[in-house]
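Step one of this worksheet: look at the structure below.
No lab work stands behind these numbers, since they all come straight from the coordinates. Remember, predicted model here, so these are calculated numbers, not experimental data. When we count neighbours, we look across all protein chains shown, and the Cβ atoms used for this are built from the backbone with ideal geometry, even at glycine.
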Amino acid sequence: MSEVRTVPTLPTAHPVSNPDTEEFWKAAAEGRFLGRRCGDCGSAIWYPRPICPFCHSTNTRWEEFSGRGVVYSYSIVRRAGGEWKNVVPYVLAYVELEEGPRVMTNIVDCAVEEVGIGDAVEVVFDDTGNGAALPRFRPANRPH
Ligand SMILES: [Zn+2]
């Protein structure tokens, strides 16, 4: 279980839930990071969807992922509009999960200059206020 924060670190939109992702958002609200696993080719699947993108099998199921990964690539956003205007600079990144897939996300809880490719990160959830929570990642292996 990971931390779920009621005061988000960054602007947090209400996710649009649909039958394919409802389970994901419910688990996220409890601090659990779900992905899917293909029962035929064994691939980890992100974003969650019922059909395996690798072998097109429908034999997929939910699996709780570790919530750990590494920074695969990132960029520092220094200018933004709307509700993001006041939180620059922030980090937009792809995190490669331990299970393999890459997730587009924000790196939080550190100065933007501290982020580097290959850094170990862990998931943290920002409550969206409507029964869901948005996963973000922060540096792992350090006190918070
Ligand atoms: Zn498959």
If neighbour count is taken as other Cβ atoms inside 10 Å, put ARG136, ARG37, ARG78, ARG32 in order from fewest to most. ARG78, ARG37, ARG32, ARG136
Counting other C-beta atoms within 10 Å, which of TRP25, TRP62 has the fewest, and how do the rest follow? TRP62, TRP25
Sorted peptide list for 95-107, 8-20, criterion being average Cβ within 10 angstrom, highest first: 95-107, 8-20
Any idea what the alpha-carbon Rg over 2.2 N^0.38 Å comes to for the stretch 4-139? 1.07
Only four residue types carry charge here, +1 at the Cβ of Lys and Arg and -1 at the Cβ of Asp and Glu. Report the dipole size of the stretch 4-139 about the Cα centre in Debye, rounded to the nearest 20. 280
Under the Cβ-under-4.7 Å rule, which cysteines of the chain stay unpaired? CYS110
What residues qualify as long-range amide H neighbours of THR128, i.e. H under 5 Å apart, gap of 5 or more or another chain, H built at 1.01 Å from N? ALA133, LEU134
On a full-extension model of 0.36 nm per residue, what is the gain between ARG142 and ALA44, subtracting their alpha-carbon distance, rounded to one decimal in nm? 32.5 nm
Selection from VAL108, GLY82, TYR47, by position along the positive dipole direction of the stretch 4-139 (Cβ): GLY82
Between ILE76 and VAL7, 0.36 nm times their residue separation minus their Cα-Cα distance comes to what? 22.6 nm
Dipole size in debye (nearest 20) for the stretch 1-82 around its Cα centre, Lys and Arg Cβ +1, Asp and Glu Cβ -1? 340
Among 1-7, 79-85, the order from most to least packed when residues are scored by Cβ within 10 Å on average: 1-7, 79-85
